[in-house]
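Read-outs: derived from the displayed coordinates by stated rules, not from any lab. For clarity, every value in this text was computed on a predicted model and none was experimentally measured. When we count neighbours, we look across all protein chains shown, and the Cβ atoms used for this are built from the backbone with ideal geometry, even at glycine.
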């Protein structure tokens, strides 16, 4: 395998490097294979969920700047389908409109992934892309990787090498399998490289690129456009989200988190509610009524960034929001038993506290007591 590549370009410029790496990758292949023509590279980007839209927005803007050498075809699987979780992000983040939308959602993991593979296969056969670009760890990611592999189309995985070491998480299985069958692995951190090396990726013939975290590019782009949501916002508040199946598939875990927000937090809590979580709360009969808790529907990316700027603390089971909190100079309490972003927990910016009510309460109080920090003083990403 080639020596690891480290992209040293500063953040916003780094997304251009994604394009350059892909260009170089195909130039080498074409030189080796004289039967290949030297037309534009066609990239098929597979998206399906909110975090992928945010990541893809930065790279898609960079791809536009290389329109003389690259064409991008966007395929939306439909995994996140309502306006607040999908359409608003395409409009707001200036992502090109998807050429295809499979409209596949609200199914079991197996059924959803299988239908996505079936739909993606037809599209990729028709489009004949040079490479399939994948983000993150959703069912859409895995479906794109499997389909590309079966059709012998190289795949590039952005946010490769992440590991929670919890194989009960669907996301963990998705990311492990996607990494294994991808040709280009864009990793965000040195820890990610170590994870891949420990799994033998030096022997797999793929190329590992230490690209940094593309979500930071999105933060830099979006933070200047942050807009206040239509809410009465106090001076002091906690920003919270809950959406992972590990949390929402257990009434006890979900109720514990909400009880802490309602009864144990010393300042007000805004809980942004994923549609799936809302359904589970209704199904379990959990009461969210409290003067200390405001439950709100999904926000646009710019509204979310506004609340991130203004909040004192973040409490979440999200992976991406842990990083976004750090980049906005906010401490985070992670409502899970582990995190992929160990550099944040090991350096005191993120407290991983699981689902024990007393541990959550203690972590929130301790985080609120900490001194402010400036994320620019730390070179994790």
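Hey, could you get me the Stokes-Einstein D for segment 262-377, Kirkwood radius over alpha-carbon pairs, 4 °C and 1.567 mPa s, rounded to whole µm² s⁻¹?
Details: Rh = 14.9 Å.
After rounding, the answer is 87 µm²/s.
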Round to the nearest 10 and give me the degree value, 0 to 90, for the angle of helix 301-310's Cα axis relative to the longest principal axis of the chain.
40 degrees
If packing is taken as the average number of other Cβ atoms within 10 Å across a peptide's residues, how do 143-150, 370-377, 171-178, 341-348 rank, most packed first?
143-150, 171-178, 341-348, 370-377
Span from the segment 82-135 Cα centroid across to the segment 40-56 one, whole angstrom:
8 Å
Averaging over all projection directions, find the projected area of the Cα convex hull of segment 113-170 and quote it in nm² with one decimal place.
4.1 nm²
Taking Cα centroids, how far is segment 239-281 from segment 324-377 in Å?
17 Å
Choice from 122, 55, 42 with maximal GNM fluctuation in the chain (Cα, 10 Å cutoff):
122
Note: segment 204-299, point scatterers on Cα, Debye, no solvent; log10 I/I(0) at q = 0.16, 0.21 Å⁻¹ equals -0.79, -1.07
So for segment 253-315, averaging the separation of alpha carbon pairs under 8 Å that are six or more residues apart and normalising by length, what relative contact order in percent results?
38 percent
Relative to the chain, whose Cα atoms define the longest principal axis, helix 251-263 and its Cα axis are tilted in degrees, nearest 10, by 50 degrees
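Taking the inverse of the average 1/r across all pairs of different Cα atoms in segment 133-282, what Kirkwood radius in Å do you get?
Averaging 1/r across every pair of different Cα atoms and inverting gives 18.0 Å.
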Taking the Cα atoms only, what angle lies between the long axis of helix 11-32 and the longest principal axis of the chain, rounded to 10 degrees?
30 degrees
For the chain, fraction of C-alpha pairs farther apart than 38 Å, in %
16 percent
Looking at the square roots a ≥ b ≥ c of the eigenvalues of the Cα gyration tensor of segment 309-348, which shape do they give, rounded for a/c under 1.5, prolate if a/b is larger than b/c, or oblate?
prolate
Global geometry of segment 204-246, whether rounded, prolate or oblate, following the gyration tensor of its Cα atoms and the 1.5 cut on a/c
oblate
Which value in deg cm²/dmol, rounded to the nearest 500, describes the helix-derived mean residue ellipticity at 222 nm for the chain, given -39,500 (n - 2.57) per DSSP H run of n ≥ 4 and division by the residue count?
-13500 deg cm²/dmol
How high is the relative contact order of segment 167-255, in percent, counting Cα pairs under 8 Å that sit 6 or more residues apart?
24 percent
